[in-house]
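The values are calculated or read from the model by the stated rules, or taken from the named source; none is laboratory data. Because the structure is predicted, anything quoted here is derived from the model rather than measured. In this analysis, Cβ positions are derived from the backbone assuming ideal geometry, glycine residues included, and neighbour counts consider all displayed protein chains. Accessible surface is based on the protein model in full, side chains and every heavy atom, while ligands, DNA and RNA are left aside. Shrake-Rupley method; radii C 1.70, N 1.55, O 1.52, S 1.80 Å.
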Amino acid sequence: MKQLFKYLPEPRNLFSEGFIRLSQPVVLNDPFEASFCAQSLNELASHFDEPMAQDFEYGNISFSQYIEMRMHNIGVISLSENKEHLLMWAHYANEHKGVVAGISHLPMFGSIFQNLFRADTLINSSWEEIYSPFDGVPKPVSYRKGLRYRNDKFDYDYSNISVEGADRILYEVFMQKSDEWVYEQEHRIVLRLEQSDRVIIENIEQIKNEAIKNRVKIADYCQIDSANNSCTIDLFKIDDESIRVAVAMELAKLSQNPNTIYLMKLNPSCINNCLLGLKSPFDKASVQGTYATSVGYLDIWKAIKNNDYYSLEFKQI
């Protein structure tokens with residue numbers, strides 16, 4: 001079992017419903033996210049059996065073009081190995097007033113999600129066989145000084161790239177960061193936004209495709225707030241895979257609006273801890289959601305100061 005932690009400014013509905021944000025690039029705090037050396041990638045691709053990427057919309061394009069065009073269709077969930085880092089509590093958990101969720105990855109379940117939507121034949125770029133790196137499994141981030149492919153383009157095995165397709169490249173540019181971030185000890189789940197379980201948009205009229213918009217408006221998986229026309233769309237309630245993909249693809253087009261929120265539903269078995277911050281106003285009752293405890297247990301801890309060192313201790317409550 002791999003134990004990881006998610007820093008949060010507030011519990012939101014993670015413990016009560018299992019939802020965790022899938023953050024699109026526009027809301028990530030590192031301006032170098034998905035940065036790569038295009039020249040070196042193009043040189044690397046020249047050694048592939050198929051030197052061009054295949055895209056259902058743009059046709060044959062270079063791998064670097066594929067990344068530039070599709071990077072906004074990607075979402076990231078960031079977890080950490082460390083539950084007691086003082087800077088992370090300050091930066092990501094509302095200055096120690098938030099919480100940290102303990103999330104375990106059990107290999108027997110595959111991903112950490114309740115029912116990960118794959119639809120590989122409809123939304124991936126692989127050739128010949130079904131392949132997708134967007135498998136919902138947290139993996140450690142690689143920290144380097146140089147951009148991806150700048151000095152490491154021949155460090156990895158690309159002998160199967162004809163099967164893996166351009167999504168292999170798209171995935172791995174999100175798995176490398178500057179070594180300035182090494183203190184975070186980050187593990188990431190990188191997914192396509194089309195895999196989202198729930199999407200919240202500011203206004204139903206933002207959906208440009210009239211047919212999709214009209215379908216969503218009357219669907220039982222959609223809730224529209226009459227006060228402001230905001231819309232919550234529960235994609236996980238759509239049984240027809242092709243309809244779900246069609247709706248999800250339209251919603252993914254709204255990703256460059258930072259107010260569009262994409263969410264994934266965790267497997268309740270993977271939520272096993274909640275740590276309350278040193279200055280957190282939350283108590284045990286406010287975080288002990290029925291979803292998190294529905295199939296197991298949820299240990300709840302309170303951070304306290306160590307009187308001898310600049311460090312935190314945790315007392316179970």
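Selection of strands (runs of 3 or more DSSP E) fully inside region 159-250 by the criterion of at least 3 residues being among the charged types (D, E, K, R) and within 21 Å of the chain's Cα centre (by Cα) returns 186-192. Every condition in (1) charged (D, E, K, R); (2) in contact (Cβ under 8 Å) with a residue 40 or more places away in the chain; (3) exposed (fewer than 13 other Cβ atoms within 10 Å of the Cβ) is met by residue 265 except one, and the failing one is (3). Looking only at region 7-27, decide whether some residue is open to solvent by 20 Å² or more (accessible area, probe 1.4 Å), small (Gly, Ala, Ser), touching a residue at least 12 places away in the same chain (Cβ under 8 Å) and under 29 Å from residue 290 (Cβ atoms). Yes, some residue in region 7-27 is open to solvent by 20 Å² or more (accessible area, probe 1.4 Å), small (Gly, Ala, Ser), touching a residue at least 12 places away in the same chain (Cβ under 8 Å) and under 29 Å from residue 290 (Cβ atoms).
Exactly one residue out of 134, 117 is in contact (Cβ under 8 Å) with a residue 60 or more places away in the chain, open to solvent by 10 Å² or more (accessible area, probe 1.4 Å) and touching a Phe, Trp or Tyr at 6+ places or on another chain (Cβ under 8 Å): that is 117. If the condition is being closer than 30 Å to residue 304 by Cα, of a type in the set (A, V, I, L, M) and open to solvent by 10 Å² or more (accessible area, probe 1.4 Å), then region 51-87 contributes 86, 87. Residues in region 57-89 that are aromatic (Phe, Trp, Tyr) and either under 30 Å from residue 303 (Cα atoms) or free of Cβ contacts under 8 Å to residues at least 24 places away in the same chain (or both): 58, 89. The numbered conditions (1) closer than 30 Å to residue 301 by Cβ; (2) open to solvent by 20 Å² or more (accessible area, probe 1.4 Å); (3) modelled with pLDDT of 95 or more are all true for residue 35 except (1). One residue alone among 315, 302 is of a type outside the set (Gly, Ala, Ser), outside any loop (DSSP other than H, G, I, E, B) and open to solvent by 80 Å² or more (accessible area, probe 1.4 Å), and that residue is 315. So, in region 164-184, of the ones that are among the aromatic types (Phe, Trp, Tyr) and touching a strand residue (DSSP E or B) at 6+ places or on another chain (Cβ under 9 Å), which residue ends up nearest to residue 32 (Cα to Cα)? Ranking the qualifying residues of region 164-184, first place goes to 174.
Sub-7 Å Cβ pairs linking a first residue in region 165-183 that is β-branched (Val, Ile, Thr) to a second residue that is in a strand (DSSP E or B), at least 6 apart or interchain, are 173/36; 173/148; 182/143, ordered by first then second residue.
Evaluating residue 278 against the criteria (1) hydrophobic (A, V, I, L, M, F, W, C); (2) under 30 Å from residue 312 (Cβ atoms); (3) outside any loop (DSSP other than H, G, I, E, B) leaves one unmet condition, (3).
Take the residues of region 90-114 that are of a type outside the set (Gly, Ala, Ser) and open to solvent by less than 10 Å² (accessible area, probe 1.4 Å): which is farthest from residue 314 (Cα to Cα)? Taking the candidates together, the pick is 113.
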